[in-house]
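To start, the structure itself, in structure tokens.
The values are calculated or read from the model by the stated rules, or taken from the named source; none is laboratory data. Quick caveat, the model's predicted, so the values are computed rather than measured. Here the Cβ positions follow ideal geometry from the backbone for every residue, glycine too, while neighbour counts run over all protein chains shown. Heavy atoms of the whole protein, side chains included, go into the accessibility calculation; ligands, DNA and RNA do not. Shrake-Rupley method; radii C 1.70, N 1.55, O 1.52, S 1.80 Å.
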Amino acid sequence: MKFWTNISNIDKRWIYLLIAIVIIFPFFIKLDLPVSISPPTQSLYDFIDSIPNKDNPIIISFDYDPSTQGELTPMAIALMRHAFSNNQRVISMSFWPQGIGLAEEITSNVAKEFDKVEGKDYVVMPYIPGVSAVVLSIGEDIKKTFVTDYYGNKTDTLECLRNVKNYKQIPIVISLAGSSSPYIWIIYAYTKHGQLVGVGTTAVAASAYYPYLRTKQIVGMLGGLKGAAEYELLIKTNKNVKGRQMATIGMNSQSFGHLAMILLIIVGNISYFVIRKQKGEKA
């Protein structure tokens with residue numbers, strides 16, 4: 001009884017320490033926990049992988065801020081690595097003033113991994129207020145929408161945009177957001193111009209986009225950290241893409257954290273009933 005009493009009265013700080021250890025552990029030890037690929041993730045991967053003309057750039061819109069980057073930044077990195085491994089050109093942009101700095105940092109860092117050149121292989125657009133007006137304007141002429149890029153270069157001089165005028169030359173727009181920004185792309189880009197749209201969103205918001213998947217209004221979706229981890233596995237397996245897999249590590253930490261919590265709950269319940277029984281109380 002003394003053992004279970006000690007377990008029942010254990011200092012909470014030891015529990016916090018245990019949870020911290022099991023969460024931190026996967027960051028230092030390489031683990032290959034199984035990851036199943038969901039259809040929305042596979043669909044988005046297959047579409048990007050099958051784009052025939054790699055000179056026609058895709059748009060990745062970083063429609064988020066640092067508050068949700070834990071889930072969305074791993075998606076952005078995985079998508080960017082996939083595109084660059086295919087020699088696919090990329091246009092990075094953001095509806096959010098806080099997001100444009102993230103877009104520039106992530107795009108330029110991943111570009112260095114693949115020796116990609118700014119202005120030739122990718123373009124980072126500056127922040128322009130307006131959201132829906134910006135989406136509609138891109139449908140008319142992207143170079144008039146963004147006269148200069150993030151670095152101040154005139155967009156009509158950039159090789160990456162040489163043959164690009166509007167959505168007709170852009171295979172897909174991928175909106176990474178924890179908010180309603182993807183709806184803007186669906187309403188104005190897809191409905192008006194027929195522009196294909198992909199979505200990357202936080203796990204809590206993913207369920208709202210399944211109706212759009214079923215009606216083919218979006219090509220595919222990455223849902224939360226798990227969706228990002230699935231995409232990392234796809235590009236690692238099929239493209240032999242290397243680099244730190246942030247989402248996979250995060251999912252491993254989540255898995256170990258959840259397992260530790262389950263075990264603690266089981267032990268706590270066993271302790272409770274054993275003590276009651278030994279005291280002669282009815283369970």
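Taken over the C-alpha atoms, the chain has Rg and Dmax values of 23.2, 85 angstrom.
Could you tell me the distance between the Cα centroids of the range 22-71 and the range 100-177, to the nearest Å? Measuring centre to centre over Cα atoms gives 20 Å.
For residue 117 and residue 276, the difference between the fully extended length at 0.36 nm per residue and the C-alpha to C-alpha distance is 50.3 nm. Here the range 175-283 exposes an accessible surface that is 62 percent carbon and sulfur, computed with a 1.4 Å probe and the other protein chains kept in place. Mean residue ellipticity, 222 nm, helices only, the chain: the sum of -39500 (n - 2.57) across DSSP H runs of n ≥ 4, divided by residue count and rounded to 500, is -15000 deg cm²/dmol. What is the chain's relative contact order, in percent, from Cα pairs under 8 angstrom and six or more apart in sequence? About 26 percent, as a whole number. Would you mind telling me which residue in 83, 189, 260 has the biggest mean-square fluctuation in a Gaussian network model of the chain, where springs connect alpha carbons within a distance under 10 angstrom? Greatest mean-square fluctuation among the candidates belongs to 260.
When the listed pairs 116/192; 54/216; 154/216; 112/226; 120/242; 54/242 are checked against a 29 Å cut-off, the alpha-carbon distance exceeds it for 116/192; 154/216. Counting only residues at least eight positions apart within a chain, or on another chain, the lysines with an alpha carbon under 26 Å from that of residue 2 are 12, 277, 279, 282. Bridgeable aspartates and glutamates around residue 236 (alpha carbons under 15 Å apart, same-chain partners fewer than 8 residues away excluded): 32, 46, 49, 113. Counting only DSSP beta bridges whose two residues both lie in the chain, roughly 5 percent are antiparallel. Normalising the average separation of contacting C-alpha pairs (under 8 angstrom, six or more residues apart) by the number of residues puts the relative contact order of the range 1-126 at 23 percent.
At full extension, residue 28 and residue 7 could sit 4.6 nm farther apart than now, given 0.36 nm per residue minus the alpha carbon distance. Solvent-accessible area assigned to carbon and sulfur over the range 4-144 amounts to 59 percent, based on a 1.4 Å probe. Take every pair of alpha-carbon atoms less than 8 Å apart whose residues are at least six positions apart; their mean separation over the length of the range 125-283 yields a relative contact order of 13 percent.
Please give the net charge around residue 249, taking every other residue with its beta carbon less than 10 angstrom from that of residue 249, where Lys and Arg add +1 and Asp and Glu add -1. Net local charge, residue 249 excluded: +1.
Counting only protein heavy atoms and a 1.4 Å probe, the chain has 50 square angstrom of accessible area per residue.
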